[in-house]
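One structure is given below, encoded as structure tokens.
What follows is calculated from the coordinates using simple rules that are stated; it is not laboratory data. Here the structure is a predicted model, which is why all the values come from computation and not from measurement. Note that we place each Cβ from the backbone using ideal geometry, even for glycine, and neighbour counts take in every protein chain shown.
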Amino acid sequence: MHTQHLQAETFLSTLSSRRSTKSIVAPGPTPEQLEQCFKAATFAPDHAALRLWRFVTISPPHVEAFAELAIAASLRAGLPMREEKMASIRRWLKNVPLLIGMAYQMHHDHPKVSALEQSLSMGAAVMNLQNSLHAMGFGTFWSTGLGTYTDEVPAALGFDSLDYQFVGFLSVGTIQGDMPLAVKRPDPQEIVHAWVPNPSV
């Protein structure tokens, strides 16, 4: 029991220390580490065993090529992007050792699993993926930029908008410099309340 308690404390401490960071460099995870993390993603809640999660990995030198594709697609889609923003994207992705595109297969009008449940399952899978990478010592950043909301960018990664909902990218790598400062989190009492029956009903 004591060992189990220590394991739980370590696990909770790891979860509580996760931070989002864009300041990452090589090395990224090994193929073996990445496989473990993707396996963790498959343990997300999965009503009716739809297995809807999908991921695509983009590694150097293809990361920079993808950046150009995303910028061009965004401009073609009429999304405003200033020169400074384009330069910032290029600087950031130049050092990123791994970019993961993320989508889920939509099961339209499923009799048991609503669109909301499918979306929540994908979010849970991404969180499992991020927490697993964090536990291995890597930094991650979930971005919904880079043309996420265009049709062209997801399609270029193999996700037709008729069948898949694209949810963005996870940049992954070794944290450069110090871990980002902790973000102030709400007190649990601010987000939880206990329900009791109304005696007058």
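Tabulated results
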quantity: Förster radius 30 Å - calculated FRET efficiency between A49 and A87, Cβ distance, rounded to 0.05; calculated: 0.10
quantity: Pair Q176, S200: separation of 7 Å Cα→Cβ label points (nm); calculated: 6.1
quantity: Cβ charges +1 (Lys, Arg) and -1 (Asp, Glu), total dipole of the stretch 21-177, debye; calculated: 380
quantity: Antiparallel content of DSSP bridges confined to the chain, in %, to 5; calculated: 95
quantity: Proximal charge balance of S161 [Cβ under 12 Å; K/R count +1, D/E count -1]; calculated: -4
quantity: Translational D in µm²/s for the chain (Stokes-Einstein at 37 °C, 0.692 mPa s, Kirkwood Rh from C-alpha pairs); calculated: 174
quantity: Packing-based order for 23-29, 170-176, using average beta carbon neighbours within 10 Å, highest first; calculated: 170-176, 23-29
quantity: Under 24 Å from K94, Cα to Cα: lysines that are on another chain or at least 8 residues apart; calculated: K22, K85
quantity: Selection from H134, G78, I175 lying farthest towards where the dipole of the stretch 21-177 points positive, charges on Cβ; calculated: I175
quantity: Formal net charge of residues neighbouring V63 (Cβ-Cβ distance under 12 Å; K, R +1; D, E -1); calculated: 0
